[in-house]
Amino acid sequence: MQMIKCPWCGPREEVEYHYGGQAHVAYPAEPAALSDEEWAHYLFFRDNTRGLFAERWVHTAGCRRWFNAVRDTVTYRFHATYRPDEPRPVTA
Amino acid sequence: MADTLVPLQRTHPLDARPSLTEATVGAVRVVDVSAQVQVRAAVPGPAADALAQVIGAPLPTRPGTWTPTPAGGRIVWLGPDEWLVVDPSAPSWDLEARLRAAAAPHGGAALDVSGQRVVLSLSGEHARDLLAAGCAVDTHPSVFRRGAAAQTLLGQAGVILLALSDDGTDYELFVRSSFARYLADWLADAATEHRTA
Amino acid sequence: MSETTSTTATTAQARGSFRTPTGGRVDRTSPVTFTFAGVEHTGYRGDTLASALLADGVHQIGTSIKLGRPRGVGAAWAEDPSSLVQVEEPFPDPMLLASTVEVFDGLVADGVPGQGRLADIADSARYDSRHLHVDLLVVGAGPAGLQAALTAARSGARVALLDEQSEAGGSLLGSDELLDGRPALEWVADAVAELAAAPEVVHLQRTTVFGVYDDGFALAVERRTDHLGGAAPEGTSRQRVWRVRARRTVVAAGAHERPVVFTDNDRPGTMLAGSARTYLHRYGVLAGSRAVVFTTNDSAYRAAVDLADAGVHVAAVVDTRDVAPAHWAVELERRGVPLRTAQAVVGTRGVERVSAALVAPYDRAGLAAGARSSAGVEPEAIECDLLLVSGGWNPAVHLHSQARGKLAFDAGLGAFLPAERLEDLLVAGSAAGTFDLSSCLRQGGASAATALSELGLDVTAVPVPSAAEQPPSSSSSAPDLVWVVPDPSGDSSRQFVDVQRDATVADVQRALGAGLRSPEHVKRYTTIGTAHDQGKTSGVVTSGIIAELLGAAPDAVGTTTFRPPYTPVAFATLAGRDRGQLFDPVRTTSVHDWHVQAGAVWEDVGQWKRPRYYPLAGEDMETAVLRECAAARTGVGILDGSTLGKIDVQGPDAGVLLDRLYTNLMSSLAVGKVRYGVMCGADGMVIDDGTVLRVAEDRFLVMTTTGGAAKILEWMEEWHQTEWPELRVHLASVTEQWAAFPVVGPRSRDVIGAVFGAGGSEDGVDVSNEAFGFMTWQDTTLDGVPVRLARISFSGELAWEVHVDSRYALAVWERLIAAGAPYAITPYGTETMHVLRAEKGYPIIGQDTDGTVTPQDLGMAWVVSKKKPDFVGKRSFARAENQREDRKHLVGLLPVDRETLLPEGSQIIEHREDGVLPSVSETGPVPMLGHVTSSYRSAYLERPFALALVKGGRARVGELLHVPVKGRLVAVEVTSPVLVDPEGARRDG
């Protein structure tokens, strides 16, 4: 049972959270201006990183806030969590 | 037809669990609160100030805390812009109206959630043991004492847990009313050893 | 070698005579009577089943799983690969070890051949769990663990000391060591007493830490009443899972002695040398009367000496090494024990018990070279009833490895050791490869001190008690590394590597012959290490054998992965209290007890209990639902719709957010009005639907499906918080705040009017169609309690939804029931709700849709705004895939025979002229056009009907298709999904 540090509530067990996929994938400003291929890329394509990966989580059983995390996909270890309005921190 | 009817009775999901206190050897009691209103405001900001004015106390800004109100109620931190205002006596729709009138002009919000959750008190020597039976939050008095609040899980139910004392013997639990019977049954079951000891 | 039977040794001993006159940790004043294999035995409190049986001269416990060979007690604790038993009384419990089961009055057990039998009656025992947070978790209460715990306790830390045995002491329980000049167990008792008095220490025995996970999380199982049998206190959980969250962990879990493999090494009476010493010192039991000790290292000499001193005739100590340790050679000589160096046990005799060890010069050529030097040399048979073996010691690195700590092979020890210090887990004592008592104590204390100071705690050092002098290193000899003693005749098929799995050296050779190299693959090929003991004695030996056969270094071969649980844990224990009525939360509405009184039959909708229908006496579901449907279409019905998800949306930008999330415009909705809306994913597929009430200029109430409540709130928050945080809007669940009761049918106006109209309520509502139109809402009060009425219809009938604070919901429901009595108001359940909505072609998201269905597919292009520049899902509607003519559309199906109720999920195919399902072998697979999503009998239509997703369905309206049902084809007519009142004339009453 991993501990995930909610930027607001602090460390809590992972069962309190839901996963939200890759972070920093912005909704296109003008979807109508995109080609089918570009739109499909937004819809269906995500990085499959080996190593540090920025992803979104929501503290479902706690404060209901979405936040971002940098997690190592090899070790599962969380290197940082940060609020949506904060930039991705530099992590080793 | 109306004259033949009795006034509308309030009911409580735990009316059906009259022996809960007995089953938990006195540890768990139903707390009757009149009003629970969820409020939203940016802090610092005019909506938060306006809400504080109505409540008579500032909104606590530290995550995971609650503060008392002059009316004998509580303000519980639920999120960076979200609080639960608990009032022991005010009519709930009235409190919503007053808080909403104060906050809405500044982009804030208030909504009556008095029927959304029920409140249980959890006290005595077995209180922490009952929590430890299903709550992963560390309730040791050195880290979770009066003024601390946690939205978390107890058993499989979401709860808001408040510490009321500094010695780990007095807590309040807020649970969604549809889960109230489950949680009551869960607590009664968790207290089996205290009952038979 | 011939299998000459010799049971002389066992029969020579009268039962019970293997107990020493004094000594041991058993309570000789508390005899207990138990039954094993149908025979009554007497042991003492403090005995294990194995120690009590050994005291009675019983070595054979069962037979092996494949070969049926006799199996005995191989060790004195959980590393025992062979003493599997089934407990029958007090409750059937399979696959336990005689060497770990404590005896009690009334225990009934049998040996089992590799597999046990689950109880066929419900387990009435309780199981539970506890969360525990500590600064330091110490695993193991041996010398290192106790010293670590004492250090942490005196430093004021929050400590958990967990140990799997019945009492603290670890290896000290099975020895006669002195500490500070006193028996070591007195030091243990003092330490335990001090820990018991420390306020922040949790010290538990009979508690196995079976798994170490992320972030300092450890799971332990505490066996609380197993040892009490029938005397277990009522209400006390039998076993408890401890969910420990530790900032630091010190693993002081000890070491397991390692066997040496040789031919016929599985006979009862063959035992690890240190275990025999434990049986002697801890239980006061002699494991035999005439022993041969076979070793590759110094440690077994202690067993030989102690057993000899206790009266066992030690017939020989056989050491593979050329030179025996000088100190121990003297001790053996003093006792007249013959010492044979450079020799090995190459086989045994006996059937139900070892009767002789076959000893020959040790052939160093090893396995790969095959047996050569000893070939032709007739081994010498040394009679014995106990064959003690030691191939060295394996530190219990399981928890370190589970925590993803690296291991490295130590050639000196012949074992894998922790090769790195993990951030939050330290290893101390023999688990770290430290075997002398003083060093173990010192390391335990030092590990705790290191961990605590890393946590910023002030450390109070605890003096290390002084242990007896070790024999000088000059008088000891380096251990020999021997995995297998080659069989003199080269037959490796009775050289057991995993005694429990009947897996032999021959099996390993076969695996390597098949090209397997990794121990992981060899494990799966041979099943070595897959039994209850998970290879505690066989794992490292297997790596060694692989290395030897491949001519590789053991380090290069490595080990199999150590995975939790360390020892078996019952599923009942893991389930804990989450079973029976607490298995999954049961969510109830405010009206639940009324439904119970009314005899509702329940449907589980997510975690909610919802009435499915309310049968009258003698009714089955079909008749009850037909009656309920008829009432709603001709009179009045009432439903408890409180489980619908409800979300309060407030703020100046509330309309903006809803416009972006719904396919249609919500910001244009006037206050007082209601609008139906659909939400799609970004891929354009429908994810939820429901009605939206505009409560105020800056406030909406969003209704979701029952199942979608939590998901949709999270979805809305996700977009708001992550994409559009600038929007001034606030979302919150009010699902339990508002009870919701649809009152449905031509007479609903009468009922609503009676309760809330001018005559019923102080600020009565005009319920006429003119004053209260369809898709509008009005607030009123009842006895001062606010009530919201909304003209919403999920049935096509004239209908109101009554929304009220759930605390007053039951009272309002009862008012409605009372007011409806003159109109025979009929409570109806989810089944009738489904029929009524299906007759109108209203889809249920998740039943009639499956995540691949667009609003257009549902025939609801009208709910998709053309005006809005964008909303979630809009861009996807233009994707080529979503423009195809042959997409599946929601249509109605009417079975032509007016009889058949199509099973939901049925496939739909083209109409076959001959009415016969073609044979796949002749025509190949029959093209599927779609499937039935909803199917009911309709009281209104007086025939069964269905909704279905059919390829190009809207263009097929009027066509006949076929639905295979139980091997025959049922002809169906494709219709519009709206089968009742397509003009919508009924909704205004």
Helix C:143-154 sits off the longest principal axis of the Cα atoms of chain C, rounded to the nearest 10 on a 0 to 90 degree scale, by 60 degrees
The stretch C:429-565: relative contact order from alpha carbon pairs under 8 Å, six or more residues apart, as a whole percent, is 15 percent
From the Cα centre of the stretch B:83-135 to that of the stretch C:453-471, the distance in Å is 51 Å
Bridge orientation stat for chain C from DSSP, antiparallel percent rounded to 5, came to 75 percent
Between the alpha carbon centres of the stretch C:271-314 and the stretch C:667-726 the gap in Å comes to 76 Å
Here the whole-number average of other chain Cβ atoms within 10 Å per Cβ of C:869-881 is 3
Ranking C:Val139, B:Ser178, C:Val346 by how far each Cα lies towards the positive end of the charge dipole of the protein assembly as shown (+1 on Lys and Arg Cβ, -1 on Asp and Glu Cβ), the top one is B:Ser178
Here the residues of the stretch C:564-596 lying in the modelled label zone of C:Gln607, meaning backbone nitrogen under 20 Å from a point 7 Å along Cα-to-Cβ, are C:575-593
For the protein assembly as shown, any Cys whose C-beta has no other cysteine C-beta under 4.7 angstrom counts as unpaired, and these are A:Cys63, B:Cys135, C:Cys384, C:Cys440, C:Cys629, C:Cys680
Rounded to one decimal in nm, the spacing of the 7 Å Cα→Cβ label points at C:Lys867 and B:Asp94 is 4.2 nm
Scan of chain A for trypsin sites (Lys or Arg not before Pro) in DSSP loops with at most 13 other beta-carbon atoms within 10 Å gives a longest site-free stretch of A:1-45
Sorted by chain and then number, the residues having a modelled amide H within less than 5 Å of the amide H of C:Thr781, at least 5 places away or on another chain, are C:Asp763, C:Val787
For the stretch C:259-391, the charge dipole (Cβ of Lys, Arg +1; Cβ of Asp, Glu -1; about the Cα centre) points to a positive end, and the Cα of C:Val312, C:Ala360, C:Ser299 closest to that extreme belongs to C:Ser299
Note to self: C-alpha centroids of the stretch C:77-143 and the stretch C:884-933 sit apart, in Å, by 56 Å
Between the modelled labels at C:Phe571 and C:Glu88 (7 Å from Cα along Cα→Cβ) the distance in nm is 2.5 nm
So for chain C, using the alpha carbon gyration tensor with a ≥ b ≥ c as root eigenvalues (a/c under 1.5 gives rounded; past that, a/b versus b/c decides prolate or oblate), I'd call it prolate
Here the stretch C:882-892 yields Karplus 3J(HN,Hα) values (6.51, -1.76, 1.60; θ = phi - 60°; whole Hz; Gly and Pro given as x) of 8, 9, 5, 5, 9, 5, 6, 10, 7, 9, x
Between the Cα axis of helix C:326-335 and the main Cα principal axis of chain C, the angle (0 to 90°, nearest 10) is 70 degrees
Highest mean packing first, using Cβ neighbours within 10 angstrom, the peptides C:917-923, C:384-390, C:188-194, C:150-156 sort as C:384-390, C:150-156, C:188-194, C:917-923
Under the Karplus relation with 6.51, -1.76 and 1.60 and θ = phi - 60°, whole-Hz ³J(HN,Hα) for the stretch C:27-40, x at Gly and Pro, equal 8, 6, 8, 10, x, 10, 10, 9, 10, 10, 6, x, 10, 7
For the stretch C:156-235, whose charge dipole is built from +1 on Lys and Arg Cβ atoms and -1 on Asp and Glu Cβ atoms, the candidate among C:Trp187, C:Gly169, C:Gly235 with its Cα farthest towards the positive end is C:Gly235
Rounded to the nearest 10, the angle in degrees between the Cα long axis of helix C:809-820 and the longest principal axis of the Cα atoms of chain C comes to 40 degrees
antiparallel share of DSSP beta bridges within the protein assembly as shown, to nearest 5, in %, is 80 percent
Computed from the beta carbon distance with a Förster radius of 60 Å, FRET efficiency for C:Glu378 and C:Ala514 to the nearest 0.05 stands at 0.95
Note on the stretch C:578-675: contact order normalised by length, alpha-carbon pairs under 8 Å, 6 or more apart, percent, works out to 15 percent
Toy charge model, Lys and Arg Cβ at +1, Asp and Glu Cβ at -1: chain A dipole around Cα centroid in debye, rounded to 20, equals 500 debye
Expressed as a whole number, the average count of other chain Cβ atoms within 10 Å around the Cβ atoms of C:725-733 is 5
Measuring from its Cα centre, the stretch B:35-112 shows a charge dipole (+1 at each Lys and Arg Cβ, -1 at each Asp and Glu Cβ) which, in debye to the nearest 20, is 140 debye
Partner shielding of A:56-64, taken as the mean number of other chain Cβ atoms within 10 Å, equals 6
Rounded to 0.05, the calculated FRET efficiency for the beta carbons of C:Glu697 and A:Gln22 at R₀ = 35 Å is 0.40
Using alpha-carbon positions, the gyration tensor of the stretch C:1-122 gives root eigenvalues a ≥ b ≥ c; with a/c under 1.5 called rounded, otherwise prolate if a/b exceeds b/c, else oblate, the class is oblate
FRET efficiency for C:Ala758 and C:Asp214 from the Cβ-Cβ distance with R0 = 56 Å, rounded to 0.05, comes out at 0.30
With a ≥ b ≥ c from the Cα gyration tensor eigenvalues, square-rooted, and the rule rounded for a/c under 1.5, otherwise prolate when a/b > b/c and oblate otherwise, the stretch C:450-544 is oblate
For the stretch C:852-859, Karplus-derived ³J(HN,Hα) couplings (6.51, -1.76, 1.60; θ = phi - 60°; whole Hz; x for glycine and proline) come out as 10, 10, 8, x, 5, 4, 7, x
So, relative contact order of chain C in percent, Cα under 8 Å, 6 or more apart, is 9 percent
The ratio Rg/Rh over the Cα atoms of the stretch A:3-82, Rh being the Kirkwood inverse mean 1/r radius, stands at 1.06
Once amide hydrogens are built 1.01 Å from N within the peptide plane, the residues lying 5 or more places from C:Trp242 or on another chain with amide H under 5 Å from its amide H are C:Arg130, C:Ala220, C:Val221, C:Glu222
Expected sort for B:162-173, C:595-606 on mean C-beta neighbours within 10 Å, highest first, is B:162-173, C:595-606
Computed about the Cα centre, the charge dipole of the stretch C:645-733 from +1 Lys/Arg and -1 Asp/Glu charges at the Cβ has a magnitude in debye, to the nearest 20, of 380 debye
Burial-style ranking of C:723-731, C:535-543, average other-beta-carbon count within 10 Å with highest first, yields C:535-543, C:723-731
Given backbone amide H placed at 1.01 Å from N, residues whose amide H is under 5 Å from that of C:His203, ignoring those fewer than 5 places away on the same chain, are C:Leu161
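Every number in this text was worked out from the coordinates using simple rules, so none of it is lab data. In this text the structure is predicted, and so the values were computed from the model without any measurement. Ideal geometry is used to build each Cβ from the backbone, glycine not excepted, and the neighbour counts take in all protein chains shown.
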